[in-house]
Structures are given as structure tokens and as C-alpha cells.
Amino acid sequence: MPPERRSRMRPERRARARPDRKTKMRSDQKARAGTGGPPQKAAPSSRRTPPAQPGREGGSPEGWRRGAPLCVPGLPALDCKLGRVHSHEDSDDSEVENEAKDSFPPQKQPVWVDEEDDEEEMVDMVNNRFRKDMMKNATENKLSKDKLQKRLKEEFQHAMGGVPAWAETNKRKTSSDDESEEDEDDLLHRTGNFISTSTSLPRGILKIKNCQPANAERPTTARISSVQFHPHAQVVMVAGLDNAVSLFQVDGKTNPKIQSIYLDKFPIFKACFSANGEEVLATSIHSKVLYVYDMIAGKLIPVHQVRGLKEKRVRRFEVSPDGSFLLINGVAGYSHLLSMKTKELIGSMKINGGVSASTFSSDSKKIYTSSEDGEVYVWDVNSRKCLNRFVDEGSLRGLSIATSRNGQYVACGSNCGVVNIYNQDSCLQEANPKPVKAIMNLVTGVTSLVFSPTTEILAIASEKMKEAVRLVHLPSCTVFSNFPGTKTNISHVHTMDFSPRGGYFALGNEKGKALMYRLHHYSDF
């Protein structure tokens with residue numbers, strides 16, 4: 001009988017068409033018990049039993065009824081309909097379970113349904129200046145909340161270069177077996193190239209994007225003298241000749257302003273974070289006062305006089321990476337070492353000629369000083385003794401100096417536009433060290449040098465010429481060909497810095513803009 005017709009039969013007819021299994025099994029047991037012995041095997045017949053067909057059990061017409069079990073003496077009942085072997089007790093339990101399922105009360109329907117719950121609330125995208133930038137085409141005048149949430153997530157991940165570590169919600173793995181199973185699942189669920197690419201920065205072309213200027217919410221026309229990223233937070237500091245130090249949140253889109261500190265009659269020559277990021281130090285062009293802004297307490301502390309420091313002006317200074325020392329460049333070849341905690345003088349060091357620039361080594365144990373005579377001095381911080389002294393090859397006057405964070409390189413910039421890159425070990429041991437590479441892509445004096453945190457990029461710039469900024473790939477010592485590009489508004493660069501993990505690069509120019517760029521090779525800030 002076709003399944004469609006059988007489903008239209010009355011329940012009582014279907015009950016009569018299907019005999020009770022319990023009654024049939026009991027009658028079979030009584031028949032076997034009356035013989036007084038075990039069931040006898042049937043004599044073999046000369047006729048071949050026709051093979052069982054799908055949906056039919058046995059070769060007799062009685063066994064062709066759908067769902068009738070085939071009972072073989074000494075073996076449990078074989079149910080071909082369900083495709084499994086089961087005992088009589090299992091069939092009783094399944095019938096009890098089916099009866100219990102049928103006795104469940106029907107699911108209740110809600111008394112009242114609000115039609116507005118099913119309607120998606122639409123969000124206006126045109127009349128909001130923040131959401132307007134997220135429109136991909138003119139037809140997206142309105143978006144649902146779910147789509148807007150997805151769009152915001154995409155924009156955030158695009159600005160950050162991926163999902164930040166604090167936003168990851170990976171579950172903790174309980175055992176090594178679970179880890180191996182998850183690895184196998186990931187391997188089977190992915191297609192394509194299974195050979196991973198190198199994590200090192202490739203040379204030639206740099207994947208870089210121009211972002212909103214860091215100080216877009218506080219525009220100014222005064223020259224930007226200092227741009228620096230906070231060592232721990234996603235914050236950038238911008239200071240200039242407009243007497244203000246401003247802090248901005250870095251998001252790559254709007255960069256909202258956090259705070260601005262105004263210093264009356266104090267055009268800022270340099271501003272810098274402390275190593276722990278809790279203080280901001282600032283000096284002026286024509287003053288000997290050192291301002292210290294406590295970011296935790298929100299207090300501005302002026303340091304008018306340092307005992308033992310006989311300088312009429314305090315302008316250039318450096319903070320040690322470990323946060324213990326403050327180095328102030330004075331006149332007549334003097335460099336003064338101060339305690340960062342008490343701002344008291346520890347000792348002074350003197351070179352021949354004037355001090356052009358100075359910097360600490362990555363371990364804060366040595367000081368490198370570049371002189372106006374083209375020489376480089378290496379000092380021991382604890383003893384304040386000169387460890388080595390050498391002439392920067394081809395330099396007539398040094399203008400800038402920088403050390404890499406991994407302790408491998410020392411870069412020296414001269415007034416002729418050449419940047420010599422040395423190994424730090426050779427600078428300590430050799431009297432006339434040879435540079436690993438001489439970068440000659442600038443034709444005017446190199447006034448700014450900064451290494452990236454990963455020591456894969458060296459940024460060089462000159463404030464004497466427009467667009468005079470280059471990014472050098474390390475260790476190949478080759479310049480990236482696509483930066484700064486042809487159509488830029490970089491102008492004269494006075495300061496540069498990389499974010500703590502190399503994801504952003506910022507520079508300040510004479511037009512009052514702190515330009516910022518996103519380096520896509522690095523996923524973190």
C-alpha cells in the first residue's frame with residue numbers, strides 16, 4: 001500500500017492491520033514450550049527461498065508485510081524496517097518511550113504578539129557625520145541595527161589592522177587531546193595554501209595608509225615640535241610652538257581629543273613621555289624651566305632650578321628607556337645626567353666642541369653623544385667615563401643620532417644628508433668602525449632619526465627641505481620606494497615617532513599638522 005494512502009487510513013484500521021507484537025511473542029513461546037524441548041530446526045528444502053526485497057522480511061507472503069519481524073530460533077528478532085538488531089525487552093522499552101512522548105501536553109501558543117517586535121529598526125546614516133563616512137554607496141541611507149553593528153566592527157578591525165588581543169574571546173583548552181582535535185578541525189575546514197608566509201617586513205613596497213591627522217580636533221598653524229605615542233595606552237601626544245600639549249585617542253578615523261595643557265608664554269621646544277607613561281616633560285625655546293605634568297594627579301609642576309646645573313636655557317633632553325635617568329644637553333660640550341625621580345643632578349660629561357644630539361642605549365647603560373665636530377662619544381652611565389670615541393665616516397658636523405631597541409644598530413645623521421648605520425658592537429670596540437651602510441637619499445642635513453620598535457624600519461628626515469623624509473628597510477638598508485609618494489602635504493618635517501608595536505607612524509610639520517599613517521604589516525598598535 002502506498003505511504004500516502006496508508007497515512008489517510010483511519011487510526012482503528014491501522015491498529016487492526018498491525019498485530020500486537022506482545023501477543024504474538026507470547027503465543028510463539030507457548031507453542032515452543034508445548035513441544036517439551038528446544039525448537040527444532042526446519043528441514044532443508046530443495047526449493048530456493050526467494051531473496052528478501054527491500055521493505056519485505058522473509059520469503060513468504062506472511063513475512064512481506066511491512067514492519068513484520070523475522071523470528072529465527074536461537075537469534076533475536078531482526079527488524080529490517082529499522083535496520084538494527086534488538087531484543088524483545090528493547091522493543092517493550094521503545095514502546096513505553098513512544099507512549100510517554102505521545103502523552104506530553106501540546107506546546108502553548110502566545111496569547112498576544114506585538115507586530116512591532118518583528119520589524120527591524122532602521123538607523124539614519126546621512127544626517128550623522130560619523131556614520132556618513134561608513135556608507136559604501138548612496139543607496140545606504142538607512143541601515144538596520146544588526147548591519148550597522150557589523151559595519152562598525154569592520155571599520156574598527158580595519159583601523160586596528162585586525163582583532164586586538166584584548167578583544168579575543170578564545171576559550172581555554174582543557175587538555176592536549178582537545179588541542180589536537182581542534183588543530184585537525186582547522187586543517188580540514190581550510191583550503192588553499194598551507195605554507196605560512198614570513199612575519200618579517202618585506203622590502204621594496206610598504207603597505208601604508210594615510211590616516212586622519214592626529215590633531216585634527218585641535219587644529220593649529222604653529223609648528224609641531226614634538227609627536228610621541230604613549231608607551232602603554234593608545235594615545236598620541238602633540239606639542240608645538242602654540243604653547244600647548246595635547247593628548248589624542250588613536251583610532252585612525254577621528255582621533256578624539258582627550259586633553260590639552262596650555263603653558264603661558266612657553267613655546268614648546270620638546271615634549272616627551274616618561275618611561276612609565278605617567279608624566280609629560282616639556283622644555284621651551286628661551287627658558288630654563290622644565291615643566292613636569294603629572295597625568296595621574298593632573299598637576300603641572302614647574303622645575304625652575306636644578307641644583308648644580310648652570311645652564312641659561314634647557315632645551316634638548318632625553319629620557320632613559322628604564323625610566324631612571326634624564327639627560328640634558330647643555331652648552332660648551334656639557335651633558336648633564338639627572339635623576340628622573342628627584343630631578344637632581346647626578347653628574348656631568350664634557351666633549352670637545354658642542355653637543356648636537358645624544359641618546360641612550362636600549363639597556364640604559366650607555367650614552368651616545370654626537371658632536372658638532374663630526375665625532376661620536378660613547379659614555380658609561382654608572383661611571384660617566386668615555387668608553388670609546390670615533391669619527392663618523394664622511395661627516396663634518398653631526399646633527400642627529402639614534403639607537404635601535406634591540407641593541408643592534410646606531411644611526412648617525414650629518415649635515416651633508418648622509419646617514420651612517422653602524423653595529424653597536426663595533427662602536428664599542430673599534431677605534432674607526434666602518435658603517436654597515438650609508439644612506440644617501442637626502443641632500444640636506446638630517447635632523448631627525450628614529451627606529452621602529454621591531455628594528456625593521458629607520459625613519460630619516462630633514463627639516464631643511466619639503467618632503468625630505470624617507471623610510472629605510474632593515475636589515476637590507478634599502479629605501480621604500482612608495483613613501484612619501486608624489487602627491488603629499490608633508491612639507492618640512494620636524495619630529496617623528498612610531499607607535500609601541502609599529503602599527504602607526506606619525507610626523508609633525510611646520511604647518512601645524514601631525515600627520516599619521518597606518519602600517520598594515522603590523523596588526524597591533
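If you roll a 1.4 angstrom probe over the protein chains with everything in place, what fraction of the accessible area of the stretch 196-352 belongs to carbon and sulfur, to the nearest %? Please report the intermediate quantities before stating the final value.
Working: 3970 of 7800 Å².
Using a 1.4 Å probe with all protein chains present, the stretch 196-352 comes out at 51 percent carbon and sulfur.
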#### Entry: Solvent-accessible area per residue, Å², over the stretch 238-383 with all protein chains present [probe radius 1.4 Å]
44
### Query
Can you give the convex hull volume of the alpha carbon atoms of the stretch 371-430 per residue, in Å³?
82
### Query
To two decimal places, what compactness ratio does the stretch 358-406 give when its Cα radius of gyration is scaled by 2.2 N^0.38 Å?
1.12
### Task
Please work out the average accessible area per residue across the stretch 396-525, using the 1.4 Å probe convention, and give it in Å².
38
### Query
Using 1/(1 + (r/R0)^6) with R0 = 51 angstrom and r between the beta carbons of Asn276 and Val113, what's the FRET efficiency to the nearest 0.05?
0.30
### Message
Over all directions, the average projected area of the alpha-carbon convex hull for the stretch 264-348 comes to how many nm²?
### Response
5.3
### Message
Full-extension gain between Thr488 and Ser260, please, as 0.36 nm times their residue separation minus the C-alpha to C-alpha distance.
### Response
79.3 nm
### Message
Counting just the Cα atoms, what span does the stretch 229-298 cover along each of its three principal axes? Round to the nearest Å and put the largest first.
### Response
35, 24, 18
#### Entry: Average accessible surface area per residue within the stretch 197-237, 1.4 Å rolling probe, Å²
54
### For peptides 441-454, 257-270, sequence by mean Cβ density within 10 Å, most packed first
441-454, 257-270
#### Entry: Pairwise centroid distance, computed over Cα atoms, of the stretch 237-262 with the stretch 453-474, Å
23
### Message
Suppose R0 equals 56 Å. What FRET efficiency, 1/(1 + (r/R0)^6) with r the Cβ-Cβ distance, do Asp146 and Asp425 give to the nearest 0.05?
### Response
0.45
## Note on the structure
Sorted on mean Cβ neighbours within 10 Å (highest first), peptides 499-506, 387-394, 483-490 come out as 499-506, 387-394, 483-490
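In a shell of Cβ-Cβ distance under 13 Å around Cys386, excluding Cys386 itself, what net charge do Lys and Arg (+1) and Asp and Glu (-1) give?
+3
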#### Entry: Sum of side-chain charges, Asn276 neighbourhood, beta-carbon under 12 Å (Lys, Arg +1; Asp, Glu -1)
-3
### Message
Quick check on packing: order 138-149, 290-301, 355-366 by the mean number of other C-beta atoms within 10 Å, highest mean leading.
### Response
355-366, 290-301, 138-149
### Task
Divide the volume of the convex hull of the Cα atoms of the stretch 437-522 by its number of residues and quote the answer in cubic angstrom per residue.
91
### Query
Within a Cβ distance under 15 Å of Ala431, other residues only, what is the Lys/Arg minus Asp/Glu net charge?
-3
### Task
Sticking with the crude label model, points 7 Å out along Cα→Cβ, report the distance from Val391 to Lys511 in nm, one decimal please.
4.2
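The values are calculated or read from the model by the stated rules, or taken from the named source; none is laboratory data. Quick caveat: nothing in here was measured; it's all calculated off a predicted structure. Here Cβ is always computed from backbone atoms with ideal geometry, including for glycine, and neighbour counts include all displayed protein chains. These accessible areas exclude ligands, DNA and RNA; they are computed on the full protein's heavy atoms, side chains included. Shrake-Rupley method; radii C 1.70, N 1.55, O 1.52, S 1.80 Å.
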